[in-house]
Amino acid sequence: YRALAQAGVPAVALADQSVFEAAEATELLDWLVAIEEPSSGAKLRRALVTPLAGCSADDLLVDPAGKAEESLVLSTWADRVRGWNDLWQRSGFIQMMRDVLDGEGRSERILGEAGGERRLTNLLHLTELLHAQARVDRLGPAGLVQWLRQQVDAKDRSVEEHLVRLESDHSVVQVTTMHRAKGLEYGVVWC
């Protein structure tokens, strides 16, 4: 898969991995925990050092002159997180997540990174699953965070709609195992 990418051949890996096993699930959990409890500076800092925010540890340092209790970056993010909490309470999970992902070009920044298409696909897939669960079980922020935590910690990964999706619908080489390909028909198969 990596060799194809290095050669400039568009390829995707088909896997039997749950999207809840992806790094983006843990990252999203950190974000939702921070948004659910916007007054917690520790939870906010944990969310901000994930790739979704793109902050460095230096961004979160206290003003060295001691004139401010927190960095300007941290203060700005704290305001955003409080706004997202408010939006989640008022308009629901999906509206809040649209604002998180679309705000300030976050989706475009993720797409511009190495492996960005895979990361964004996982984040959007997780968002869909969380939205569906919130609607079915009428979950608020605390309930949805708990549900996501249970999925990330779960050992049973057999639910088909939780399997990682293709990150692209374009014509690409699909890399898969022989076991997964069994019974499927492809125009060209190379082993």
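The values are calculated or read from the model by the stated rules, or taken from the named source; none is laboratory data. Keep in mind the model is a prediction, meaning the values are calculated, not measured. Positions of Cβ are backbone-derived with ideal geometry, glycine not excepted, and every protein chain shown enters the neighbour counts. We work out accessible area using only protein heavy atoms, side chains counted, and drop any ligands, DNA or RNA first. Shrake-Rupley method; radii C 1.70, N 1.55, O 1.52, S 1.80 Å.
Against the definition (closer than 30 Å to Gln6 by Cα, touching a residue at least 12 places away in the same chain (Cβ under 8 Å) and in contact with a helix residue (DSSP H, G or I) (Cβ under 8 Å, 6 or more places away or on another chain)), how does Leu111 come out, yes or no?
So Leu111 does not fit the description; no.
Is one or more of the residues making up the stretch 127-138 open to solvent by less than 20 Å² (accessible area, probe 1.4 Å) and either hydroxyl-bearing (Ser, Thr, Tyr) or without any contact (Cβ under 8 Å) to a residue 12 or more places away in the chain (or both)?
Checking the stretch 127-138: at least one residue is open to solvent by less than 20 Å² (accessible area, probe 1.4 Å) and either hydroxyl-bearing (Ser, Thr, Tyr) or without any contact (Cβ under 8 Å) to a residue 12 or more places away in the chain (or both).
With Ala154, Ala142 as the choices, which residue is loosely packed, with under 13 Cβ neighbours inside 10 Å, at pLDDT 80 or above and under 20 Å from the mean Cα position of the chain (by Cα)?
It is Ala142.
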